[in-house]
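Notes for the one structure printed next.
Values quoted throughout were computed directly from the atomic coordinates according to the rules given, and no laboratory measurement underlies them. All values reported here derive from a predicted model rather than from experimental measurement.
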Amino acid sequence: MAVTKTAVVTGGGSGIGKAIAERLTADGHQVAVLDLNPTGSFFGQKADVTDPDQVNGALDAVRQELGPVTILVNAAGLDGFNRFDRIDFAAWKRVIDVNLNGVYHCIQAALPDMVEAKWGRIVNISSSSAHSGQPFMAHYVAAKSAVNGLTKALALELGPRGITVNAVPPGFIDTPMLRGAEAKELLGGTVEDHIKRTPVRRVGRPEDIAAACSFLISEDAGYITGQILGVNGGRNT
Ligand code: NAP
């Protein structure tokens, strides 16, 4: 039986983050959700990951209620679609702020607990678009690529302190984000069209990402760090 630990899942109010929060609860962890709109039966903290004061306040509340935070999954994210020459600097900065700086703030806030415990697990949810590129998403792809780079750098730095850092880049997962892009005709076809081009012939489920996170967080994965574990039905190899 695994020892109960406290996990924070950002973006846990919806889609992939919500499935991760449910899976980590089923794995026996105490789970707190940090989101603009925390939902579900978890210990919820309403916070914007781009605001370090809100993130630190939320982490303090989690610590007080559930104990030191030694598991952090960064799943909060914001997509954006536009031709590069129409992405103004405000839109560029917002997408970088949520997808990259938000990860920075959350890791900074949780790290002292992991260092103190000499054990920690950080999983960053990046994107398969960082592998393949994606037209009309230059800001998003840049931010998610940076998250993969941050993952590798931190893995080297934090490994000696007992902390592993890995990334899971999802590809084509059925969530409100994907369906929103489909509804706005930004996918280059429908989800059904894409299924025909996906080697495993189905759309991904949030639970597929949650399963990968569960493994990377487990004791069995203690020798795995700095890795980018694609979960994409074979769309990127
Ligand atoms: P989702 O259903 O839109 O969930 C994202 C969650 O993050 C939402 O609950 C959202 O809150 C929250 N969030 C957004 N901005 C935030 C902020 N500034 N502070 C705190 N929370 C914030 O999307 P998803 O598809 O599950 O995406 C989860 C992660 O996977 C994201 O990082 C996304 O980039 C990545 N991803 C998804 C896919 C896919 O195929 N679905 C592919 C590649 C990567 P609100 O709903 O209130 O805005």
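Size of region 1-88: Rg and Dmax of its alpha carbons, in Å, are 14.4, 54.
Eigen-decomposition of the gyration tensor built on the alpha-carbon atoms of region 148-195 gives equivalent ellipsoid semi-axes of 36, 9, 9 angstrom, largest listed first.
Size of region 161-237: Rg and Dmax of its alpha carbons, in Å, are 14.7, 46.
Taken along its principal axes, the alpha carbon cloud of the chain reaches lengths of 47, 38, 35 Å, longest axis first.
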